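Novice: Here it is, the structure, as structure tokens.
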Amino acid sequence: MIDDYERFELIINDQVVKTPVAIASMAGVVDAAYVLERADHIGAAFIGGYSIDQATLDASRMLAEEGRTEFLYDDPLEELVHQRDLFRDSGVVTGMNLRGSTPEAYHDAAEALGDGIVYEIDAHCRQTPIINTGCGEYLLKHLSRLEEMIKALKSADVTISVKIRAGVSGDDRLLARRIWEAGADILHIDLMDDGYQKIRQIRNICPITLIANNSINTYNRMMEMFSHGADMVSVARRSDIRTLSGLDAAISRYADEAGWYNAPKQLCRGGDIRALTFCCMPVKSCPLLPALDKIGMSKEDFQILKLEAVKNTPLSEGRTTCFGSLAWCCKISVPCMFRNMTLEAAGISGKDYMRYKHRLADTIMDRIFNESPEDVTV
Ligand SMILES: Cc1cc2nc3c(=O)[nH]c(=O)nc-3n(C[C@H](O)[C@H](O)[C@H](O)COP(=O)(O)O)c2cc1C
Ligand code: SF4
Ligand code: SF4
């Protein structure tokens, strides 16, 4: 049996994610008990939202009086410790969607709860009483305050997610970039009416772990997200066992067959920046050249980067392919006799080929975003 790491090669908060399907928070509904009933079919869950300081608790009480479902506790941190403990041995990466009105509130929560959970800043809520506390959507319009909150959690050395709603901030690419630069590990995005194009835009601007959310209830919609840069998808309203188990089974089967569950489309077919792993040598006029321009990489550097990255790996094979190395070869779904003959002669399965291409994409992403982040202008 393929083990979970080998299947998805996904780790969050030092824990292997057993499937890239998560439950997204619903205040007053999603708690440990809700998640544990569904634990066999998910890799992560964000319980809450929980209000964690006086201002946000007062706002939650106001919302509850208006008839919304809310989690309300006199001592929310005590309750969160209890919720955290219920997840022990669940195999589910545990996240908590938290509403705090100050950076200190988040820092205090991290001190009380430790590093075994992912801290999700709720920059998503659009209810006026929450916004008036300086939380929820307020943070999407006051980026420096959001950065302060991220940094407060960062100083407690914990894993951070930020839940956002697309289309609120004015510039979601800039927002994503600043969230990543401030030190967040995960961007959890409610796409609203935006589709996979938004995921691709964000994937092209930063390498943060990306969770796509909103009506991702079908295989096709999930695969649209994965093939444009999402690392995970999350489900809230339809997080019933039937939907979650269907998504989990489908992506597990796909990963076992294809080797790279969230492989991008080829760049010229609308793929995100990871698709550089499938690109040809830069010798003709095609979408590769503007893509290299955007990331500030010369054709020569791209050539060196790819050839260096595949040295002493099976992708260095391929003398009879178009450009003399599998480094330049297309996605396995693009039919090609020459590539397939090389793979066969070298004893590399199509699935392994895709796994090697995944490694190459990771190296390219590292080079674009980590070695010279200040130069990136995508
Ligand atoms: C009843 C309800 C409560 C919600 N509460 C929260 C919350 O507290 N924090 C948050 O970040 N998102 C909250 N959400 C938003 C969901 O997590 C999710 O982003 C949204 O429902 C779209 O995803 P879906 O189509 O899978 O439901 C809530 C949604 C619903 C329906
Ligand atoms: S280099 Fe090849 S794969 Fe990449 S965009 Fe151009 S034609 Fe497409
Ligand atoms: S040999 Fe085939 S797979 Fe490789 S670059 Fe040429 S067309 Fe693409």
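Novice: Scan the range 217-251 for trypsin sites (Lys or Arg not before Pro) in coil per DSSP, keeping those whose Cβ has at most 12 other Cβ atoms within 10 Å, and list them by number.
Specialist: Arg237
Novice: Oh, and also: Quick check: Cα centre of the range 144-168 to Cα centre of the range 191-205, how many Å?
Specialist: 19
Novice: Rounded to the nearest 500, what is the 222 nm mean residue ellipticity of the chain from helices alone, with -39500 (n - 2.57) per DSSP H run of 4+ residues and division by all residues?
Specialist: -12000 deg cm²/dmol
Novice: Using 0.36 nm times the number of residues separating Lys299 and Asp366, minus their current alpha carbon distance, what extension gain do you get?
Specialist: Additional length available on full extension: 22.4 nm.
Novice: Which whole-number percentage describes the relative contact order of the range 1-154, with Cα contacts under 8 Å and a sequence gap of 6 or more?
Specialist: In percent, rounded to a whole number, it is 21.
Novice: For Thr313 and Arg253, what does the FRET efficiency come to when R0 = 30 Å and r is the distance between their Cβ atoms, rounded to the nearest 0.05?
Specialist: Working from the Cβ atoms, E equals 0.65.
Novice: Relative contact order (percent) for the range 131-183, with alpha-carbon contacts under 8 angstrom and 6 or more residues of separation?
Specialist: Relative contact order for the range 131-183 comes out at 42 percent.
Novice: So between Ile241 and Ser349, what do we pick up on full extension, going 0.36 nm a residue minus the alpha carbon distance?
Specialist: The span from Ile241 to Ser349 would gain 35.5 nm if fully extended.
Novice: Do you know the relative contact order of the chain, to the nearest whole percent, from alpha carbon pairs under 8 angstrom that are 6+ apart?
Specialist: The value is 13 percent.
We did not get these values from a lab; they are worked out from the coordinates using the rules stated. Computed from a predicted model, the values in this text were never measured in an experiment. Every residue, glycine among them, receives a Cβ derived from its backbone with ideal geometry; neighbour counts consider all protein chains shown.
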